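As structure tokens, the structure follows; a few thoughts come after it.
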Amino acid sequence: MNIETREMRGQNLSDGIGIFPPKASVRRTFERAATTYDSAAKAQRWICARLISGLPPMLVSAVILDAGCGTGFGMEILERRFPAARTIALDFSPAMLSRIKKLEFGVAGDVEKLPLRNEVVGLYWSNLTMQWCDIFALCREARRVLWQGGMLAFSSLAPGTFRELEESFSRVDNYRHVLPLRPLETVRQALEVAGFQDIRLHIEPCIAHYRDLQSLMKAIKAIGANQIGPARRPGLMGRDAWQKLEEAYERRRTPRGLPLTYQVVLGYAQK
């Protein structure tokens, strides 16, 4: 897989959102993906690096919460930036937590109802978790556990993510095939309602490339991003439907392969 990016600041996104998958289903999906996530999460690693590059240069934090830490590769980047900090790794998938090689404090918990006391962390860090959650609950809990002057740094996904896949599937059937995502305005509103200040949000597209449709679909499944909630296609695709999908997607082929776009939201705010 190859990745290319281009920055898009201040882009307005359309309103509207569909129905999200049940939390229990999302948890099961990430439990199953724990052993394959690291090998397929190249775009996720790039997003993590972009997120940390946007932190203020002089920021110092003694305690960090990695909310939705997954297999812990974000913690490796955080440790290099904040070598003296203590990091709490939190994920709702115990299988993901079990994959972390250097685990100081591990908590299996829900970002919408954190099992932490008030004002215990200086940096709330979350890489690609918000899109699965009730963002008003997540932002409220994030502000609660941050001490005064603490910082929230997160990445999420905006509408337009996996648009090539969605548009190609539209030539096959009328079912939903990608996760419904919130517009940037809703993310800002959730932060403001929670009481955050100095909010910075922007979008950077990240385009991954795959040699064929089969490897693209396997990569999506390997990172647990195949949960899309109700209105999905029941059962497996037949041979004819798969062939139509391949033909539709092949029209998008570039010299680097079949493209798959992530519309990445990078966000920062202070308590």
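The values are calculated or read from the model by the stated rules, or taken from the named source; none is laboratory data. As the structure is a prediction and not an experimental result, all values here were calculated from the model. Ideal geometry is used to build each Cβ from the backbone, glycine not excepted, and the neighbour counts take in all protein chains shown. Areas reflect the complete protein model, heavy atoms only, side chains present, ligands, DNA and RNA absent. Shrake-Rupley method; radii C 1.70, N 1.55, O 1.52, S 1.80 Å.
Only one of these conditions is not met by LEU116: (1) part of a helix (DSSP H, G or I); (2) surrounded by fewer than 19 Cβ atoms within 10 Å (Cβ to Cβ). Which number is it?
Tallying (1) part of a helix (DSSP H, G or I); (2) surrounded by fewer than 19 Cβ atoms within 10 Å (Cβ to Cβ), LEU116 fails exactly one: (1).
Out of segment 165-187, which residues are part of a helix (DSSP H, G or I) and either more than 23 Å from ARG50 (Cα to Cα) or touching a Leu at 6+ places or on another chain (Cβ under 6 Å) (or both)? Spell out the reasoning first.
Start the filter on segment 165-187 by keeping residues that are part of a helix (DSSP H, G or I), which leaves 165-169, 184-187.
Matches in segment 165-187: LEU165, GLU166, GLU167, SER168, PHE169, LEU184.
Taking the residues in segment 29-73 that are among the hydrophobic types (A, V, I, L, M, F, W, C), part of a loop (DSSP other than H, G, I, E, B) and open to solvent by 20 Å² or more (accessible area, probe 1.4 Å) as candidates, determine which candidate is nearest to GLY106 (Cα to Cα).
Ranking the candidates gives ALA62 first.
Could you grab the pairs with beta carbons closer than 8 Å, sequence gap of 6+ or different chains, first residue in segment 208-228 and under 21 Å from THR71 (Cβ atoms) and among the basic types (Lys, Arg), second one part of a helix (DSSP H, G or I) and modelled with pLDDT under 90?
If the second residue must be part of a helix (DSSP H, G or I) and modelled with pLDDT under 90, the pairs left are LYS218/ALA40; LYS221/ALA33.
Considering each residue of segment 78-106, count those that are open to solvent by 20 Å² or more (accessible area, probe 1.4 Å), at pLDDT 95 or above and within 20 Å of ALA137 (Cβ to Cβ), and give that number.
Total satisfying the criteria: 1.
Residues being crowded, with 22+ Cβ neighbours inside 10 Å and over 24 Å from GLU204 (Cβ atoms): count how many of those fall in segment 151-172.
Matching residues across segment 151-172 total 1.
In segment 94-127, which residues are farther than 22 Å from LYS271 by Cβ, touching a residue at least 24 places away in the same chain (Cβ under 8 Å) and touching a helix residue (DSSP H, G or I) at 6+ places or on another chain (Cβ under 8 Å)?
Of all residues in segment 94-127, those farther than 22 Å from LYS271 by Cβ come to 94-104, 106, 108.
With touching a residue at least 24 places away in the same chain (Cβ under 8 Å) added as a condition, the list becomes 94-103.
Within segment 94-127, PRO94, ALA95, MET96, ARG99, ILE100, LYS102, LEU103 meet the criteria.
When you scan segment 40-49, do you find a residue that is charged (D, E, K, R), under 26 Å from ALA269 (Cβ atoms) and touching a helix residue (DSSP H, G or I) at 6+ places or on another chain (Cβ under 9 Å), even just one?
Yes, the conditions are met somewhere in segment 40-49.
Kindly evaluate TYR210 against the criterion of being of a type in the set (Ser, Thr, Tyr), at pLDDT 90 or above and touching a helix residue (DSSP H, G or I) at 6+ places or on another chain (Cβ under 9 Å). Give the derivation first.
On the way: of a type in the set (Ser, Thr, Tyr): yes; at pLDDT 90 or above: yes; touching a helix residue (DSSP H, G or I) at 6+ places or on another chain (Cβ under 9 Å): yes.
The answer is yes for TYR210.
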